[in-house]
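Engineer: Take this structure, written in structure tokens, and hold onto it; I'll ask about it next.
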There are 2 protein chains.
Amino acid sequence: MTTIRDVARLAGVSISTVSLALNSPKRVGAETLDRIQQAIKSTGYRIDPVAQTLARGRSSLIGFVSANLGNMFFGDIRREIEHQALDHGYFVLIADSSGRADLERALLERLEAQKIAGIALAANGRGEEYATFLRDFKTPIVMFDQKLEGAERDFVGSDNPLTTTILTEHLLQLGHRRIGFISGPSGLHTADERLKGFINTMAGAGVDIDPSLVVEGGYTRTGGHAQAMRLLTRRDRPTAIIGANNMTGLAALQVMQEMGFRCPDDVSLAMVDDVPWSNVITPRITMVVQDAQKLGELAAQRLLARIASPEAAAAPPQDFILTPKFVRGESTKRL
Amino acid sequence: MTTIRDVARLAGVSISTVSLALNSPKRVGAETLDRIQQAIKSTGYRIDPVAQTLARGRSSLIGFVSANLGNMFFGDIRREIEHQALDHGYFVLIADSSGRADLERALLERLEAQKIAGIALAANGRGEEYATFLRDFKTPIVMFDQKLEGAERDFVGSDNPLTTTILTEHLLQLGHRRIGFISGPSGLHTADERLKGFINTMAGAGVDIDPSLVVEGGYTRTGGHAQAMRLLTRRDRPTAIIGANNMTGLAALQVMQEMGFRCPDDVSLAMVDDVPWSNVITPRITMVVQDAQKLGELAAQRLLARIASPEAAAAPPQDFILTPKFVRGESTKRL
DNA sequence: ACATCATATCGAACCGGTTCGGTAAATGAT
DNA sequence: ATCATTTACCGAACCGGTTCGATATGATGT
């Protein structure tokens, strides 16, 4: 390995000058700069990011932490963040918390130990204590998807109540009254807001909700499957089901198929978020989708800005809320 | 931050002794060890991985490089590797090459600069020059999915010729003779082998292949879509199509739906690799699936072993080939 | 009792950069 | 011509660990 000292020797300058030439070229003489660059070229010198991190106390790594990278939604956001990060010379360290708050916390601490420059986080931890933990974190954090009150961090997400409001109104218009709702983990920001959107819309329309039709599917495939099963095996089963995310929505579709119900003839279905290849799934599912790419873009911009300048880092946290889009499929039918 | 020197001072020993206590506890006296551990506990000392990396010349990070993390196949492998790595105290640095060889190479070099402990790689680069590059890489590499002759690295993958052999035989048995084949990027290991499996099986059965029915879909959704379109708009279109991977297979299904062909009544379809939620896709696709979890497990074990001991690191490279599994769906029909 | 050897601990060099205070020369002001 | 300021560069300390050779102490063998 060729080090900065080799370059310095070859260029006939001190190592501090080489460092200077590397970091603020305008502060070294033209001729000297030239010699140094020559030396760098001829030795094939590559700066050692580890040593740099130790000296600077900050690496050029960015962390991406979310549950379930396999979910297209997070995958799309990751892709976008990674893309922008690479453009700015940052590498992305990805960590999958599998939705477990304790693991997530451990991961964050590890990332911090790596002196990571910043973190994009879709938090799964909840509660005041966790919010404080995030607030006091020394590394810049931009939260996305899941907002946590008290964390006092930038947040990039969608208008979650609106997602289910749209779906609920759609179903109400089609004449549905007994609507099953497969919710996400209670306490989780998006889950609570989406549930709220459903409840408020129903109330606004003057339709009573049968509480037993509101179940918690935990945003997971297995949870969604179990709860959809519960809903659909009832004698007074709902005429329509809303999945609070793509996993639970598709799980409901799967249960329908397994039980021989036709969708939408027997039961209507709508859900939040898209899945890959949804266009080859029969029936085409009616859904509300988030602009994952835009979310990733915003999160990355915000994070990179905070990392780049101390002023930006000190700026008060800000929320960026995007409006989700309704995509009409063929999984819902007039009653 | 509390450093090793703080601990040393508090325990009344030298920093080298603390380091020793941390790395080979049996080599320090029982009583001293106790005092040091006490000091560590009371100061809340956490070792700095960056400094450790600089001093040791090797980090406790493992790299995972593949194309298209969004593809369930790679996602499953990643999950398994990450799981095992964390168990062994390693963090996984994930990089998505998007299938571009030049980017992949740059990523590998960056990982190396990070003094990464080892890399699990699904290579997209090809050719002798690239093989040499990989062979001479100083960091341990375990390749998976894509084997590269001349790289002389451990390889974990599936019996690729067998994947298409199984599918082809299945279609032949159903009476199909005009079979379209949407291949992967020519030159890519799995793509070439899967194509070979198709060709050899057809030849073995004495069935002539219409060369114009063998197209290259590049393993991508868009490529697959375009090529499937070409195949299906022909007057003498094939009676069955094989997608060499999940992307091209599903793209073909999508084209069928777009063009109003019914699968399998009008055209049969079979493909290599599964996708998430394939069980809610109509028709259930006939496919050959790889055991991604097992692949990840093997790759991780091999890599961790090479990292752990110098003898293992010096061992000659070895291939691990798994047998793929046939999953019969309803997308193929007797002619 | 003395050489031998293992054990416990330490000091110092090192990994490869950054950064700050300082010096000497060059430039500008008066 | 003199003093102030800027420019260009250097030396040394530092980031927080690891590692190796050296030393001191105590145990073992004969």
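Taken together, the values in this text are just the output of simple stated rules run on the coordinates, not laboratory data. Predicted model only: the values in this text are computed from it and were never measured. Cβ coordinates were reconstructed from backbone atoms using ideal geometry, including for glycine residues, and neighbour counts include every protein chain displayed.
Engineer: Measure out, as a whole number of angstrom, how far apart the alpha-carbon centroids of the stretch B:82-101 and the stretch A:92-107 sit.
Structural biologist: Between the Cα centre of the stretch B:82-101 and that of the stretch A:92-107, the gap is 14 Å.
Engineer: Taking the highest mean first, how do the peptides B:26-37, B:223-234 order by number of other beta carbon atoms within 10 angstrom per residue? Write down the numbers at each step before the final one.
Structural biologist: Numbers: B:26-37: 14.1, B:223-234: 19.7.
The most tightly packed comes first, giving B:223-234, B:26-37.
Engineer: Within the set of other residues whose C-beta is less than 14 Å from the C-beta of A:V207, count the net charge using Lys and Arg as +1 and Asp and Glu as -1.
Structural biologist: Values: positive: A:R177, A:R178; negative: A:E169, A:D208, A:D210.
It works out to a net charge of -1.
Engineer: In the structure shown, do any of B:K147/B:K196; A:K138/B:K41; B:K41/B:K115; A:K41/B:K115 have a Cα-Cα gap over 25 Å, and if so which? Walk me through the numbers before you get to the answer.
Structural biologist: Numbers: B:K147/B:K196 15 Å; A:K138/B:K41 22 Å; B:K41/B:K115 30 Å; A:K41/B:K115 22 Å.
The answer is B:K41/B:K115.
Engineer: Restricting everything to alpha-carbon atoms, can you work out Rg to Rh for chain B with a Kirkwood hydrodynamic radius? If you can, show how the numbers build up before the last one.
Structural biologist: Numbers: Rg = 25.3 Å, Rh = 22.2 Å.
Result for chain B is an Rg/Rh of 1.14.
Engineer: Specify whether the C-alpha gyration tensor of the stretch A:220-335 places it in the rounded, prolate or oblate class, a ≥ b ≥ c being the square roots of the eigenvalues: rounded for a/c under 1.5, otherwise prolate if a/b is larger than b/c and oblate if not. Don't skip to the end; give the middle numbers.
Structural biologist: Working: a/c = 3.29, a/b = 2.68, b/c = 1.23.
The shape class here is prolate.
Engineer: Indicate the gyration tensor shape class of the protein assembly as shown (rounded, prolate or oblate), computed on the Cα atoms with a ≥ b ≥ c the square roots of the eigenvalues: a/c under 1.5 is rounded; otherwise a/b larger than b/c is prolate and the rest oblate.
Structural biologist: Values: a/c = 2.01, a/b = 1.30, b/c = 1.55.
It comes out oblate by the Cα gyration axes.
Engineer: Please list, ordered by chain and number, the residues whose modelled amide H lies under 5 Å from the amide H of A:N245; skip anything fewer than 5 residues away on the same chain.
Structural biologist: The answer is A:V272.
Engineer: Still on this model: Using only the Cα atoms of the stretch B:25-115, build the gyration tensor, take square roots of its eigenvalues as a ≥ b ≥ c, and label the shape rounded, prolate or oblate: rounded if a/c is under 1.5, else prolate if a/b is larger than b/c, else oblate.
Structural biologist: prolate
Engineer: Restricting attention to the stretch B:87-144, which trypsin sites (Lys or Arg not before Pro) occupy a DSSP loop and are surrounded by at most 10 other Cβ atoms within 10 Å? The partial results should precede the final answer.
Structural biologist: On the way: sites: B:R100, B:R105, B:R110, B:K115, B:R126, B:R135, B:K138; in loops: B:R100, B:K115, B:R126, B:K138.
The qualifying sites are B:K138.
Engineer: Where the label is 7 Å out from Cα toward Cβ, how close does A:Q173 come to the same position in every other copy, in nm, shortest first?
Structural biologist: Result for A:Q173, in nm, nearest copy first: 5.0.
Engineer: Taking the label point 7 Å from Cα in the Cβ direction, how far apart in nm is B:G127 from each other copy of itself, listed shortest first?
Structural biologist: 5.7
Engineer: Also, I was wondering about something else. Which distances, shortest first and in nm, link A:E152 to the matching position in the other copies, using label points set 7 Å out along Cα to C-beta?
Structural biologist: 5.8
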